[in-house]
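A.B. asks: Dropping the structure in here first, questions after.
The values are calculated or read from the model by the stated rules, or taken from the named source; none is laboratory data. Keep in mind it's a predicted model, so treat the numbers as computed, not measured. FYI the Cβ positions are ideal-geometry reconstructions off the backbone, even for glycines, and counts take in every protein chain you see. We work out accessible area using only protein heavy atoms, side chains counted, and drop any ligands, DNA or RNA first. Shrake-Rupley method; radii C 1.70, N 1.55, O 1.52, S 1.80 Å.
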Amino acid sequence: MLKTIDLFAGAGGLSYGFESTGEFRMVAAAENNSYARDTYKINHNNKDIKMIEDVRGFNFKKLSESLGGIDVVIGGPPCQGFSNANRQKNHIISMNNSLVKEYFRAVREIQPIAFVMENVSMLSSDTHRFYDSSMDHDEVIRLGMKMRKEELVISEQNYDEVDCFKVLQGEGKVSYRIPDELFQLINVLYKNRRSKDRLPRFINKHSNIIRKKIGQFFEGNVYDYEILHRILDDIDTERVKDLFDELGQFIKFQKSFRLKEELDYNKINYTMVQNPETKKITATLYSYSVIDYVNKILGDTYVKDSGEVNSLWFGAPQERKRFIMLGVRSDVIKGGDVRVPREEDYEYDEVTVGQAIFDLIGYDVSEALNNNEIPYNAEDALSDYAKKMRKGSKGITNHIVPKTRETAKKRFAALNEGENFHQLTSDLKENYTDPGRTQNSIYLRLDSSRPSGTVVNVRKSMWVHPTIDRAISVREAARLQSFPDRFIFKGTKDSQYQQVGNAVPPLMAQGIAQVLLKYLENNFKNGL
């Protein structure tokens, strides 16, 4: 069997699919979320799997030597940290920027016979870019990466007669930056400003801690912000609504500190300038394409192919398009080519939401966190897909749902199959700040006659069962992702939903693994 490591493994959907071929044996996995690690460990065949909590700086060469070599590297490095300067959003630079690079560092240190990288389908576009950083500038230049000049807005204007440019450069001895916890609290306060329901609930729950944090801030050698004094005085009164215009400007000012800190923490090469008339502060920096970097970093060591793959082709009841890069070492493929799956390679009938979850209609869900197994009813009518999901299990676990407020229940009842938030009447949209900008996946009642869209954290999106006025359970979301019922999720309720949403569908992973095996069998027939 091929010894395999899964990087950024999550709950282990990719690993599970590879293992299901019977030809890959997981010997190591990297995952920094403790709940996902718990899920991974109880669902995979090799109980001696080496679990890695942080890939950054990890010695993969030493690990490989200790295991007598690693044959295959798989994994899906997170991509939400990639830059897209045109959006001008905050936190567009983060630790995640480096994780694709960490993935390929692992490949170079291990030198496996093959690798598979999974990511969002947009990765192959010019949208996803790295910012030039002093941490690897010399290597990027050596690779011949084509650079593009970018302009990132740090601050639109000065605030409260404070010279933002001098403050951001570190001039002066007074602290202008409020602590992160206080920032998060007042930021949520501001975000809830138009909600008739959430604003009073938030104030009732958090006003005392906000006052406490403001008081602690003023105890130091800090700038005496008038807006913070007004919050102290007015947060529990109707006058709080008069603060929001100024609070919005204050939050933008505070975000400028955090954006510059992200640049500095990630050692991004940039030049910061201020327009003398408008006082707008921008950072000039350079970016290069992630996909170009990925294609160049391994040089000719691997024969590679990449493309967009859809989970529908492999029998999952979900349209989920993902970018897949497949590479086989040049000395193994010996002049041949590799090719990622294409739609024309498969004859498939789409599996619908109804076929995936309707056999569970008669099973009671729980709002309490539990892993109690609910035995199957032998009289259930089963689709072929449901039979596949039940194989190897005597019942279902993780059939849990979020606690639901009355407003949400009314929304559930008002929606027909295939409808979403936008089909609700205006009185059921009141607590949303900007209903028109709400995504179509919010409060989506699934259509039982079709595959689902891309499964994310369906608790946050509030996906609704096709025929029952309740949210989709963790188990039902797992069915849409093609996790069999014998796969058990650990952790908090929200973590379980997140683990399901982040995962690679096991059936898609299995299909990709089978494609890879086709290229390896010709060279390792005796070893497989």
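A.B. asks: Along each of its three principal axes, how wide is the spread of alpha-carbon positions in the range 441-519, in whole angstrom units, largest first?
C.D. replies: That gives 47, 31, 20 Å along the principal axes, largest extent first.
A.B. asks: If all Cα-Cα distances of the range 341-475 are sorted into 10 Å bins from 0 onward, what percent lands in each bin, rounded to whole numbers?
C.D. replies: So the P(r) values, bin by bin, are 11, 37, 32, 16, 4.
A.B. asks: Between Glu261 and Lys166, what is the label-point separation in nm under the 7 Å Cα-to-beta-carbon projection?
C.D. replies: For the pair Lys166/Glu261, the computed spacing is 2.3 nm.
A.B. asks: Determine how large the accessible area of Arg390 is when every protein chain is in place; take a 1.4 Å probe and give Å² rounded to the nearest 10.
C.D. replies: Number for this one is 20 Å².
A.B. asks: Would you compute, for the Cα atoms of the range 278-398, the largest minus smallest coordinate along each principal axis and list the three values in descending order, in whole Å?
C.D. replies: 61, 58, 25
A.B. asks: Each residue of the range 170-185 in order: what ³J(HN,Hα) in whole Hz does its phi give by Karplus 6.51 cos²θ - 1.76 cosθ + 1.60, θ = phi - 60°, with x for Gly and Pro?
C.D. replies: Result, ordered by residue: x, 7, x, 9, 8, 8, 9, 8, 7, x, 4, 5, 5, 4, 4, 5 Hz.
A.B. asks: What distance in nm separates the two pseudo spin-label positions at Asn204 and Val174, each 7 Å out from Cα along the beta-carbon direction?
C.D. replies: The answer from the label model is 3.8 nm.
A.B. asks: Quick check on the chain: of the DSSP beta bridges with both residues there, what percent are antiparallel, nearest 5%?
C.D. replies: On the way: 37 of 58 bridges.
Given both bridge residues lie in the chain, the antiparallel proportion sits at roughly 65 percent.
A.B. asks: OK, next. Order 256-266, 143-153 from most to least packed using the mean count of other Cβ atoms within 10 Å. Write out the running numbers ahead of the final one.
C.D. replies: Working: 256-266: 16.9, 143-153: 14.2.
Top to bottom by mean Cβ count within 10 Å: 256-266, 143-153.
A.B. asks: Give the distance, in whole Å, between the Cα centre of the range 49-71 and the Cα centre of the range 98-116.
C.D. replies: The distance from the Cα centre of the range 49-71 to that of the range 98-116 comes to 11 Å.
A.B. asks: To continue, here is another question. Hey, for a label at Ser66 modelled as a point 7 Å past Cα toward Cβ, could you say which residues of the range 1-39 have their backbone N under 20 Å away?
C.D. replies: Within reach of a label on Ser66, which here means backbone N under 20 Å from a point 7 Å along Cα→Cβ, the range 1-39 contributes 3-10, 25-34, 37-38.
A.B. asks: Could you pull out every residue, at least 5 positions away or on a different chain, whose amide H is within less than 5 Å of the one on Ala114? Hs are placed 1.01 Å off N in the peptide plane, and Pro or chain starts have none.
C.D. replies: Val73, Arg329
A.B. asks: Using only the alpha carbons of the range 133-198, determine the length spanned along each of the three principal axes and report them from longest to shortest in whole angstroms.
C.D. replies: 55, 36, 22
A.B. asks: Moving to a separate point now. Please identify every one of the GluC sites (Glu not before Pro) in the range 172-260 that sits in a loop by DSSP and has no more than 16 other beta carbons within 10 Å of its own beta carbon.
C.D. replies: Numbers: sites: Glu181, Glu219, Glu226, Glu238, Glu246; in loops: Glu219.
In loop regions of the range 172-260 (DSSP not H, G, I, E or B), the sparsely surrounded GluC sites (Glu not before Pro) are Glu219.
A.B. asks: Picking from Asn187, Ser452, Val338, whose Cα lies most toward the positive end of the charge dipole for the chain (charges on Cβ: Lys, Arg +1; Asp, Glu -1)?
C.D. replies: Farthest towards the positive end: Asn187.
A.B. asks: Write down the Å³ per residue value for the convex hull defined by the alpha carbon atoms of the range 90-249. Walk me through the numbers before you get to the answer.
C.D. replies: Working: hull volume 33.8 nm³, N = 160.
About 211 Å³ per residue, rounded to a whole number.
A.B. asks: Apply the Karplus curve 6.51 cos²θ - 1.76 cosθ + 1.60, θ = phi - 60°, to the phi angles in the range 466-473 and return the couplings in whole Hz, x for Gly and Pro.
C.D. replies: Working through the residues one at a time gives x, 10, 10, 7, 7, 6, 5, 7 Hz.
A.B. asks: Each label point is 7 Å from the Cα along the Cα-to-Cβ direction; what then is the distance between the points at Thr467 and Ser426, in nm?
C.D. replies: According to this spin-label approximation, the distance is 3.6 nm.
A.B. asks: Still on this structure: 222 nm [θ] for the chain, helices only, -39500 (n - 2.57) per DSSP H run of 4+, per residue, to 500?
C.D. replies: Values: 19 runs with 181 residues, N = 528.
Value at 222 nm, helices only, nearest 500: -10000 deg cm²/dmol.
A.B. asks: How big, in percent, is the set of alpha carbon pairs in the range 1-81 lying more than 18 Å apart?
C.D. replies: Details: 1109 of 3240 pairs.
The share of Cα pairs beyond 18 Å in the range 1-81 comes to 34 percent.
A.B. asks: Just how much of Thr404 is accessible, in Å², when a 1.4 Å probe is used and the result is rounded to the nearest 10?
C.D. replies: Here the accessible area works out near 30 Å².
A.B. asks: I'd like the carbon and sulfur percentage of the solvent accessible area for the chain, probe radius 1.4 Å, heavy atoms only, ligands and nucleic acids excluded. All intermediate terms of the calculation are to be shown ahead of the outcome.
C.D. replies: Details: 10900 of 24650 Å².
About 44 percent, which is the carbon plus sulfur part of the accessible surface.
A.B. asks: Given H placed on each backbone N at 1.01 Å, which residues far from Val222 in sequence or on other chains put an amide H within less than 5 Å of it?
C.D. replies: Excluding prolines and chain starts, which carry no amide H, the hits are Ser175.
A.B. asks: Further question on the same structure: Using only the alpha carbons, work out the radius of gyration and Dmax of the range 201-257 in angstrom.
C.D. replies: Just the Cα atoms of the range 201-257 yield Rg and Dmax of 11.6, 33 Å.
A.B. asks: Where does the range 215-351 land on the Kirkwood hydrodynamic radius, alpha-carbon pairs, in angstrom? Before the final figure, lay out the partial values.
C.D. replies: On the way: mean 1/r = 0.0464 Å⁻¹.
Its Kirkwood hydrodynamic radius stands at 21.6 Å.
A.B. asks: Going by amide H atoms built from the backbone, whose H comes under 5 Å of the H on Lys280, apart from near neighbours?
C.D. replies: Under 5 Å from the amide H of Lys280: Asn275.
A.B. asks: If you plug each phi of the range 106-111 into the Karplus form 6.51 cos²θ - 1.76 cosθ + 1.60 with θ = phi - 60°, what whole-Hz ³J(HN,Hα) values come out, in order, with x for Gly and Pro?
C.D. replies: My calculation for the range 106-111 gives 4, 4, 5, 6, 7, 6 Hz in order.
A.B. asks: Could you calculate the contour length gain from Lys146 to Lys388, that is, 0.36 nm times the residue separation minus the distance between their Cα atoms, to one decimal place in nm?
C.D. replies: Details: separation 242, 0.36 × 242 = 87.12 nm, distance 4.81 nm.
Working it through step by step, the gained length comes to 82.3 nm.
A.B. asks: Next up: Within the range 122-147, whose backbone N sits under 15 Å from a point 7 Å along Cα→Cβ of Asn269?
C.D. replies: Output list for this probe position: 130-147.
A.B. asks: I would also like to ask the following. Note the per residue figure in Å³ for the convex hull of the C-alpha positions in the range 163-287.
C.D. replies: Details: hull volume 16.9 nm³, N = 125.
Hull volume over Cα atoms, normalised by residue count, gives 135 Å³.
A.B. asks: What does the accessible area of Lys47 come to, in Å² to the nearest 10, when a probe of 1.4 Å is used?
C.D. replies: Per-residue accessible area (Lys47): approximately 140 Å².
A.B. asks: Radius of gyration and Dmax for the range 273-328's Cα atoms, expressed in Å?
C.D. replies: Reported Rg and Dmax, both Å: 20.3, 60.
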